[in-house]
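Everything below concerns the one structure shown next.
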Amino acid sequence: MNPVLLDIPVELKTERLLLRRPEHGDGEIVNQAVKRSIEELRPWMPFAQTTPTESDSEADIREAYIRFLKREKLRYLLFHRETNAFIGSSGLHNIDWDVPKCELGYWIDTKYTGLG
């Protein structure tokens, strides 16, 4: 089956979180969180080896949107349901639809770590 034909939800809700597919314009909030968290992200995340500009982050968001549509990577942005505050990002990476299998990755804005 062609993965593009799979119905993947663009939004998931839990009691406390809203997870949604990246959209144009999300680069600013992601960039702010990355800048706050860069020292904690650097050892683990290849994208955090240098501090991205807002333009870099917006380009990354738009590429994530395209990869989501193509079912190559399924990235979700994490928001607090009550406050709509951006918390972090999570996604399914290195997807092999033939098996099927993938890797799960995530990062959290430093100001929200340790809050459960």
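The values are calculated or read from the model by the stated rules, or taken from the named source; none is laboratory data. Note that this is a predicted model, so its numbers are computed, not measured. Counting neighbours? That spans all protein chains shown, and the Cβs are built from the backbone with ideal geometry, glycine included.
Close contacts from the range 66-82, counting a first residue that is modelled with pLDDT of 95 or more and a second that is buried (at least 19 other Cβ atoms within 10 Å of the Cβ) and in a helix (DSSP H, G or I), with Cβ to Cβ under 8 Å and a gap of 6+ residues or different chains, come to Lys73/Ala64; Leu74/Phe68; Arg75/Ala64; Arg75/Phe68; Leu77/Val30. Selection of the range 17-34 for residues being exposed (fewer than 15 other Cβ atoms within 10 Å of the Cβ) and either at pLDDT below 95 or farther than 19 Å from Thr83 by Cβ (or both) yields only His24.
Restricting the search to the range 85-100, which residues are surrounded by fewer than 17 Cβ atoms within 10 Å (Cβ to Cβ) and touching a residue at least 60 places away in the same chain (Cβ under 8 Å)? Matches in the range 85-100: Trp97 only.
The set of residues from the range 67-84 being surrounded by 14 or more Cβ atoms within 10 Å (Cβ to Cβ) and charged (D, E, K, R) comprises Arg67, Arg71, Glu72, Lys73, Arg75.
With respect to Arg36, determine if the residue is basic (Lys, Arg) and free of Cβ contacts under 8 Å to residues at least 12 places away in the same chain. No.
If you scan the range 24-42, which residues turn out to be in a helix (DSSP H, G or I) and charged (D, E, K, R)? Show your work before the answer.
As a first pass, look at the range 24-42 and keep what is in a helix (DSSP H, G or I): 27-41.
The answer is Glu28, Lys35, Arg36, Glu39, Glu40.
Is one or more of the residues making up the range 48-66 of a type in the set (Phe, Trp, Tyr) and surrounded by 15 or more Cβ atoms within 10 Å (Cβ to Cβ)?
We begin by selecting, within the range 48-66, every residue of a type in the set (Phe, Trp, Tyr); these are 65.
Then drop every residue that is not surrounded by 15 or more Cβ atoms within 10 Å (Cβ to Cβ), which leaves 65.
Looking through the range 48-66, at least one residue is of a type in the set (Phe, Trp, Tyr) and surrounded by 15 or more Cβ atoms within 10 Å (Cβ to Cβ).
Report, by residue number, each residue of the range 43-75 that is of a type in the set (Lys, Arg) and in a loop (DSSP other than H, G, I, E, B).
Here is the first cut: in the range 43-75, the residues of a type in the set (Lys, Arg) are 62, 67, 70-71, 73, 75.
If the condition is that a residue be of a type in the set (Lys, Arg) and in a loop (DSSP other than H, G, I, E, B), then Lys70, Arg71, Lys73 are the ones that fit.
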